[in-house]
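For reference, the structure is listed below as structure tokens.
The values are calculated or read from the model by the stated rules, or taken from the named source; none is laboratory data. Source: prediction; values computed, not measured. Please note: Cβ atoms are built from the backbone with ideal geometry, for glycine as well, and neighbour counts cover all protein chains shown.
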Amino acid sequence: MGRKLFLGYKLRRLREQKKLSQAALAALLEVSPSYLNQIENNQRPLTVTVLLKIARVFDVELPSLVEDDESRLVADLKEAMNDPVFGGGGIPLSELRNAAGASPELAKRVLSLYQAYQQQSERLHTLTENLSSGEGEAARQGVHFPYEEVRDFFYYCNNYFGRLDEAAEELVSREGFRLGEMHNELVRYLKDRHDVRVRIPDEPAMRRFDASHGTLELSAQLSISGRAFQLAHQVGLLAYHGLIDEIVGGAKFASDDARSICRVGLANYFAGALVMPYGAFAEQARSLRHDIEQLQSRFGASFEQVCHRLSTLQRPGSRGVPFYFVRVDRAGNITKRHSATRFHFTRFGGACPLWNVHEAFAQPSKILVQLARMPDGIAYICLARTVTKKGGAYSRPDRHFAVGLGCETAYAGELVYAGGLDLGHEPAAVPIGVNCRICERDDCRQRAFPPIGSHITVDENNRSFVPYLFA
DNA sequence: ATTGCGCAGTGATGAAAGCT
DNA sequence: AGCTTTCATCACTGCGCAAT
């Protein structure tokens with residue numbers, strides 16, 4: 001019980017803050033310099049008498065001296081040690097505490113080693129992905145593909161571009177746009193302010209802008225929300241190209257391809273920000289408890305747009321719930337992804353077949369709710385639903401996607417979808433090493449499809465609970 | 001039950017070596 | 001020269017254990 005206190009590093013920081021030498025502080029504390037030195041190097045524990053003297057000399061509260069730092073270290077260690085790479089099975093908390101207390105420096109180094117490992121494997125996965133995508137030569141030379149590069153940039157920005165959000169909000173209030181009526185508002189705005197007329201020819205092109213004639217053609221197949229989004233996109237390009245170029249310029253892309261892909265991405269971001277302005281949207285999302293369908297009707301946006309927007313609410317100071325967002329096609333390919341969470345998307349292959357984004361195709365248009373626990377031990381509440389892109393002709397069949405949205409169960413209380421889920425009673429832990437073909441745990445290497453249901457547990461509400469999805 | 005002894009662990013120190 | 005680190009050492013305490 002009587003854990004020994006090793007606060008050497010903390011003491012050293014305190015001392016250096018006060019610009020005292022060891023000798024000087026030793027005199028103040030009435031101990032020998034060598035003893036103090038050993039304490040600072042964690043070769044000697046802090047005794048109560050010395051601790052009291054320190055508290056007196058530095059005029060700090062005892063609790064603040066003893067706590068804080070170490071508990072964070074312990075928490076980080078715990079998280080890291082849960083990674084299967086460490087051989088599975090957590091280390092008892094008491095042992096972690098001992099380790100962090102006795103040799104915080106070692107603990108920190110283990111953590112930074114782990115961090116480096118994560119980065120490396122991330123890079124390796126990217127590389128593997130590139131190699132298998134048939135453009136091996138470039139990848140082998142370490143050349144990033146434009147799309148990858150842009151995606152990394154968005155990831156690096158946490159998928160949040162405050163300046164675009166602010167610009168969009170400012171435009172909405174300046175023009176007095178009525179939310180939920182953005183289609184009509186933007187048609188009017190484009191005509192009044194930019195002398196651009198909107199036409200709807202029956203052509204496959206989603207959006208075509210002709211600057212010389214001042215016309216914007218939109219596909220007849222687009223829904224109203226889709227049109228509003230394309231209009232907003234065009235507004236971004238017309239009215240805020242300077243701002244967009246500035247952001248693109250700041251990203252230091254290697255190629256023009258990457259720059260133009262990024263420009264499109266930013267214009268899309270702006271479109272989302274214009275149709276669903278940050279402040280109003282975040283507020284509504286909270287008060288409607290993230291009811292996607294209600295948000296859709298308030299803002300006249302599609303299911304996918306709302307989900308995507310929800311994953312971008314990371315404004316410092318007024319962050320929303322951190323969501324991941326994915327879109328997959330029927331073959332299981334991830335066609336869009338973003339994560340404001342610690343959620344790790346698999347980099348290669350399909351995702352775990354047990355994930356409800358795949359199940360969604362079997363129950364079109366129905367919102368599926370699932371609790372899933374990742375190999376890192378974090379549990380997520382996962383929503384999934386199919387969305388359809390109209391083709392509008394026999395030669396252009398509809399395309400179906402499944403959209404997935406989710407967050408850690410810690411936030412589940414803020415979601416209507418958690419109703420009925422007894423989060424306090426998650427189904428008991430499921431054995432490690434289920435034979436998922438994706439997770440690649442040591443005892444789970446078989447690539448065959450797992451017998452669906454064999455390692456799935458179901459809670460009282462008949463909602464499936466998937467133990468491990470993918471690494 | 002008490003006493004004495006050896007021993008290991010702990011808190012602390014001083015001398016000397018190592019750094020800048 | 002002053003500060004920091006290492007190392008050997010010491011006093012003290014508590015514990016196990018055998019002798020009394």
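Restricting the search to the range A:22-57, which residues are within 8 Å of DNA strand B (Cβ to nearest atom) and of a type in the set (Gly, Ala, Ser)? Selection gives A:Ala26, A:Ser32, A:Ser34. Being touching a Ser or Thr at 6+ places or on another chain (Cβ under 6 Å) and modelled with pLDDT under 95, is that true of even one residue in the range A:306-319? Looking through the range A:306-319, none of the residues is touching a Ser or Thr at 6+ places or on another chain (Cβ under 6 Å) and modelled with pLDDT under 95.
Filter the range A:33-54 for residues that are surrounded by fewer than 16 Cβ atoms within 10 Å (Cβ to Cβ), near DNA strand C (Cβ under 10 Å from one of its atoms) and assigned to a loop (DSSP other than H, G, I, E, B) and give the result. Hits for the range A:33-54 are A:Asn41, A:Gln43. Cβ contacts < 9 Å: first residue within 20 Å of A:Val321 (Cα to Cα), restricted to the range A:152-171; second residue modelled with pLDDT under 80, any location; separation 6+ or different chain. Result? Between residues of the range A:152-171 that are within 20 Å of A:Val321 (Cα to Cα) and residues that are modelled with pLDDT under 80, the close pairs are A:Phe154/A:His338; A:Tyr155/A:His338; A:Tyr155/A:Ser339; A:Asn158/A:Ala340; A:Asn159/A:His338; A:Asn159/A:Ser339; A:Asn159/A:Ala340; A:Tyr160/A:Ala340.
When residues in the range A:12-26 are screened for being out of contact with any helix residue (DSSP H, G or I) (no Cβ under 8 Å at 6 or more places or on another chain), in a helix (DSSP H, G or I) and within 10 Å of DNA strand C (Cβ to nearest atom), 2 of them pass. Consider the range A:397-419 and keep the residues that are modelled with pLDDT of 85 or more and hydroxyl-bearing (Ser, Thr, Tyr). The one that is farthest from the chain's Cα centre (by Cα) is A:Tyr417.
Residue check: A:Gln221 meets all listed conditions (1) part of a loop (DSSP other than H, G, I, E, B); (2) surrounded by fewer than 18 Cβ atoms within 10 Å (Cβ to Cβ) but one, namely (2).
Can you tell me which residue among A:Val264, A:Val235, A:Val248, A:Val306 is surrounded by 17 or more Cβ atoms within 10 Å (Cβ to Cβ), without any contact (Cβ under 8 Å) to a residue 24 or more places away in the chain and part of a helix (DSSP H, G or I)?
Working: A:Val264 fails: surrounded by 17 or more Cβ atoms within 10 Å (Cβ to Cβ); A:Val235 fails: without any contact (Cβ under 8 Å) to a residue 24 or more places away in the chain; A:Val306 fails: without any contact (Cβ under 8 Å) to a residue 24 or more places away in the chain.
Sole residue among the options that is surrounded by 17 or more Cβ atoms within 10 Å (Cβ to Cβ), without any contact (Cβ under 8 Å) to a residue 24 or more places away in the chain and part of a helix (DSSP H, G or I): A:Val248.
Of all the criteria given as (1) modelled with pLDDT of 75 or more; (2) assigned to a helix (DSSP H, G or I); (3) within 16 Å of DNA strand B (Cβ to nearest atom); (4) not hydrophobic (A, V, I, L, M, F, W, C), the one not satisfied by A:Asn98 is (1). Could you identify the single residue in A:Glu30, A:Glu61 that is more than 10 Å from DNA strand C (Cβ to nearest atom) and at pLDDT 80 or above? Of the residues listed, the single one that is more than 10 Å from DNA strand C (Cβ to nearest atom) and at pLDDT 80 or above is A:Glu30.
Would the range A:292-299 turn up any residue that is crowded, with 21+ Cβ neighbours inside 10 Å and without any contact (Cβ under 8 Å) to a residue 24 or more places away in the chain?
Narrowing the range A:292-299 to residues crowded, with 21+ Cβ neighbours inside 10 Å: A:292, A:295, A:299.
From what is left, the residues that are without any contact (Cβ under 8 Å) to a residue 24 or more places away in the chain are A:295.
Scanning the range A:292-299 turns up at least one residue that is crowded, with 21+ Cβ neighbours inside 10 Å and without any contact (Cβ under 8 Å) to a residue 24 or more places away in the chain.
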